[in-house]
Structure formats: structure tokens, C-alpha cells
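Down below is the structure, laid out as C-alpha cells.
The values are calculated or read from the model by the stated rules, or taken from the named source; none is laboratory data. The shown structure was predicted, so the numbers you read here are calculated from the model rather than taken from an experiment. A quick note on method: Cβ atoms are made from the backbone with ideal geometry, for glycine too, and the neighbour counts reach across all protein chains shown.
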Amino acid sequence: MKKTGNASARKVIFSLQWPFAREVFVAGTFNDWDPRKDQLKEGANGWKIVKYLDPGIYEYRFVVDGIWVDDPAAVSRRPNRYGCQNCVVEV
């Protein structure tokens with residue numbers, strides 16, 4: 001994703017180690033929880049996407065081959081209405 005014209009936007013890297021995944025997306029409050037909008041690219045060190053987000057607190061989860069999963073590296077989490085937890089990132 002290219003950086004927007006918003007000068008306050010900060011670079012955020014979402015990454016996930018999931019060796020046998022066919023496709024990985026990130027969905028969260030920054031993209032209206034769209035499970036197919038922001039696709040991670042597979043590289044030598046796992047899956048990764050760079051987003052530029054305005055300062056704030058965002059909730060997110062990964063979608064791996066159509067299944068919603070937690071970010072194992074997330075330090076902060078919040079319960080959601082589906083009985084699991086969303087990961088939290090502060091920008």
C-alpha cells in the first residue's frame with residue numbers, strides 16, 4: 001500500500017509466521033473488518049503487509065485461508081462479541 005497524503009499517518013507492519021498458508025489477510029477497525037481487503041505478501045520470513053495508519057488504537061485479526069486467527073505476537077488483546085479476542089495495536 002502506498003502512503004497516503006496524510007502527514008500524521010504512521011507506518012505499521014503486520015506480519016505472521018504461517019508456513020503452510022495459501023493466503024493471508026489482515027482485517028480490523030482500520031478497514032471496516034473486511035476479510036479480503038488487505039492481503040499479506042509471502043516472503044522468506046513469513047507473511048507481511050505495510051499499512052499507513054493515523055495515530056490511534058486499532059483492533060485486528062488475521063484471516064488465514066478463510067479462518068480468523070490471532071496474531072501470536074500481539075501484546076494487547078480485547079474480547080470481542082464472538083467469544084474470542086481481537087489483537088490491539090496502538091499507532
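Tabulated values for the structure
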quantity: ALA27 vs. criteria part of a loop (DSSP other than H, G, I, E, B) and either exposed (fewer than 13 other Cβ atoms within 10 Å of the Cβ) or touching a residue at least 12 places away in the same chain (Cβ under 8 Å) (or both); calculated: no
quantity: Failed item in (1) surrounded by fewer than 18 Cβ atoms within 10 Å (Cβ to Cβ); (2) modelled with pLDDT of 95 or more; (3) not in a strand (DSSP E or B), with GLY83 passing the rest; calculated: (2)
quantity: Among the residues listed as ASP32, ASP65, ASP71, the single one being buried (at least 16 other Cβ atoms within 10 Å of the Cβ) and acidic (Asp, Glu); calculated: ASP71
